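Enquirer: Below is one structure. I have some questions about it.
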Amino acid sequence: MAGQVEFARMNGLGNKILVVDMRGRTDKVTPEAAIALAADPATEFDQIMAIHDPRAQGTDAWIDILNCDGTKAQACGNGTRCVVQALAAETGRKTFTFQTAAGILNAQEHEDGTISVDMGKPVFQWDKIPLSEEFFDTSRIELQIGPIDAPILHSPSAMSMGNPHAVFWVDKDPMSFDLERFGPMLENHPMFPEKANITLAQVTSDSSLRTRTWERGAGLTLACGSAACAAGVSAARTGRAGRKVTIDVASAPSRQPLVIEWKDNDHVVMTGPAEWEWSGKVDPETGAFSRDAEPEAQAN
């Protein structure tokens with residue numbers, strides 16, 4: 001199906017997102033288009049959130065998620081907030097229900113502009129995360145980087161938030177670690193047959209964490225919403241914090257925090273910002289794009 005579609009460059013706490021409007025079409029954003037867009041400095045991104053017509057009754061859209069390497073992602077919390085902001089601006093609505101590969105997501109835009117996304121229930125079973133080895137307790141698995149007697153990182157908490165996560169607990173600023181070197185090794189470790197998101201998490205109080213993430217399929221990212229959820233849940237699960245935490249994403253350009261609450265019904269709700277940057281049109285097959293004129297330019 002030929003022709004360009006509308007898209008917006010947005011970010012969720014610095015997590016670079018392209019929201020692509022595929023409603024009314026039967027084709028998809030191709031891996032080749034994703035790779036081409038990621039290679040251009042103007043459109044480089046962490047995830048593409050492609051909005052399609054709903055597949056299930058009672059939902060507003062099906063969201064197809066692509067990483068910058070062209071692979072599929074099951075979940076993207078920061079990207080979901082961007083979709084909510086874009087659709088709220090278009091429709092005037094405040095609540096939405098989306099279907100993704102990870103399941104149904106309910107989301108709401110608040111009066112202060114922040115957006116809450118119900119990310120669903122965490123998964124702890126080793127074979128459903130999945131891990132390649134059986135662990136009865138996945139809150140602490142056997143995996144380390146560095147010398148046996150003095151590992152740099154060790155004993156992560158493993159879980160799934162629709163995508164696999166490993167959270168390594170550190171006792172100093174996550175920015176002080178060479179995650180750019182360790183990240184690819186851990187993402188592709190044999191322990192994770194479907195690869196994994198790798199997060200370094202520092203407990204700063206009984207209700208706050210500081211994190212940094214190497215994102216599966218995207219690399220060193222400024223922010224990752226599902227990783228923040230994994231860190232918050234893992235902190236509560238291991239007794240490091242309560243079930244509601246404020247997360248300072250160390251690598252994010254904004255110091256506005258994410259709030260993660262692991263509710264009594266087992267659902268994880270993430271609340272945080274989204275930001276629109278600019279819009280344009282893109283060919284979902286090739287990635288060729290054009291940028292809309294800015295309002296000031298149109299006025300001139």
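The values are calculated or read from the model by the stated rules, or taken from the named source; none is laboratory data. Everything numeric here is computed off the predicted structure, so don't read it as measured data. Methodologically, a virtual Cβ is constructed for each residue, glycine included, from the backbone with ideal geometry; neighbour enumeration extends over all protein chains shown. What goes into the accessible areas is simple: the full protein's heavy atoms, side chains included, and nothing from ligands, DNA or RNA. Shrake-Rupley method; radii C 1.70, N 1.55, O 1.52, S 1.80 Å.
Enquirer: For segment 167-195, which positions are within 18 Å of Leu222 (Cα to Cα), among the acidic types (Asp, Glu) and open to solvent by 80 Å² or more (accessible area, probe 1.4 Å)?
Expert: Answer for segment 167-195, where residues must be within 18 Å of Leu222 (Cα to Cα), among the acidic types (Asp, Glu) and open to solvent by 80 Å² or more (accessible area, probe 1.4 Å): just Glu180.
Enquirer: Continuing with this model, one more query. Can you pull out the residues in segment 196-243 that are open to solvent by 40 Å² or more (accessible area, probe 1.4 Å), at pLDDT 95 or above and touching a Pro at 6+ places or on another chain (Cβ under 8 Å)? Quick ask: steps written out before the conclusion?
Expert: Kept after step one, since they are open to solvent by 40 Å² or more (accessible area, probe 1.4 Å), are these residues of segment 196-243: 203-207, 210, 220, 222, 237-240, 243.
Restricting the remaining residues to those that are at pLDDT 95 or above gives 203-205, 207, 210, 237-240, 243.
If the condition is that a residue be open to solvent by 40 Å² or more (accessible area, probe 1.4 Å), at pLDDT 95 or above and touching a Pro at 6+ places or on another chain (Cβ under 8 Å), then Arg210 is the only one that fits.
Enquirer: Within segment 150-176, restricting attention to residues that are of a type in the set (Ser, Thr, Tyr) and in contact (Cβ under 8 Å) with a residue 12 or more places away in the chain, which residue is farthest from Val269 (Cα to Cα)?
Expert: Once the filter is applied, the top-ranked residue is Ser155.
Enquirer: Within segment 236-259, is even one residue under 15 Å from Val167 (Cα atoms), touching a strand residue (DSSP E or B) at 6+ places or on another chain (Cβ under 6 Å) and assigned to a helix (DSSP H, G or I)?
Expert: yes
Enquirer: Shifting gears a bit: Quick check: anything in segment 69-79 farther than 30 Å from Arg181 by Cβ and out of contact with any Phe, Trp or Tyr (no Cβ under 6 Å at 6 or more places or on another chain)?
Expert: Quick first cut of segment 69-79, residues farther than 30 Å from Arg181 by Cβ only: none.
Scanning segment 69-79 turns up no residue that is farther than 30 Å from Arg181 by Cβ and out of contact with any Phe, Trp or Tyr (no Cβ under 6 Å at 6 or more places or on another chain).
Enquirer: Which members of segment 86-127 meet the condition of being over 17 Å from His267 (Cα atoms), of a type in the set (D, E, K, R) and not in a helix (DSSP H, G or I)?
Expert: Passing the criteria: Arg93, Lys94, Glu109, Glu111, Asp112, Asp127.
Enquirer: Out of everything in segment 125-149 that is touching a residue at least 40 places away in the same chain (Cβ under 8 Å) and open to solvent by 30 Å² or more (accessible area, probe 1.4 Å), what residue ends up being farthest from Gly79 (Cα to Cα)?
Expert: Glu133
Enquirer: Between residues in segment 220-243 that are within 16 Å of Ile198 (Cβ to Cβ) and in contact (Cβ under 8 Å) with a residue 40 or more places away in the chain and residues that are open to solvent by 10 Å² or more (accessible area, probe 1.4 Å) and part of a helix (DSSP H, G or I), which pairs lie under 7 Å by C-beta distance while being six or more apart or on different chains?
Expert: Listed pairs, sorted by first residue: Leu220/Glu180.
Enquirer: Looking at Asp283, is it under 22 Å from Ala8 (Cα atoms) and free of Cβ contacts under 8 Å to residues at least 60 places away in the same chain? Even if it seems obvious, please write down each step before you answer.
Expert: Details: under 22 Å from Ala8 (Cα atoms): yes; free of Cβ contacts under 8 Å to residues at least 60 places away in the same chain: no.
No; evaluated as a whole, the condition is false for this residue.
Enquirer: Quick check, is Ala56 small (Gly, Ala, Ser) and open to solvent by 30 Å² or more (accessible area, probe 1.4 Å)?
Expert: yes
Enquirer: Looking at this structure, is Ile51 open to solvent by less than 30 Å² (accessible area, probe 1.4 Å), within 16 Å of Val83 (Cβ to Cβ) and in contact with a Ser or Thr (Cβ under 7 Å, 6 or more places away or on another chain)?
Expert: no
Enquirer: In segment 36-51, what residues are under 19 Å from the mean Cα position of the chain (by Cα) and not hydrophobic (A, V, I, L, M, F, W, C)?
Expert: Correct list: Thr43, Glu44, Asp46, Gln47.
Enquirer: How about segment 175-210: which of its residues are in contact with a Ser or Thr (Cβ under 6 Å, 6 or more places away or on another chain) and closer than 21 Å to Gly242 by Cβ?
Expert: Thr199, Ala201, Ser208, Arg210
Enquirer: If I ask for residues that are over 13 Å from the mean Cα position of the chain (by Cα) and open to solvent by 50 Å² or more (accessible area, probe 1.4 Å), which ones from segment 61-105 would you list?
Expert: Asp69, Thr71, Ala89, Glu90, Thr91, Gly92, Arg93, Lys94, Thr95, Ala101, Ile104 - these are the residues of segment 61-105 that are over 13 Å from the mean Cα position of the chain (by Cα) and open to solvent by 50 Å² or more (accessible area, probe 1.4 Å).
Enquirer: Since Val282 meets every condition but one in (1) over 15 Å from the mean Cα position of the chain (by Cα); (2) open to solvent by 10 Å² or more (accessible area, probe 1.4 Å), which condition does it not meet?
Expert: Of everything listed in (1) over 15 Å from the mean Cα position of the chain (by Cα); (2) open to solvent by 10 Å² or more (accessible area, probe 1.4 Å), Val282 misses just condition (2).
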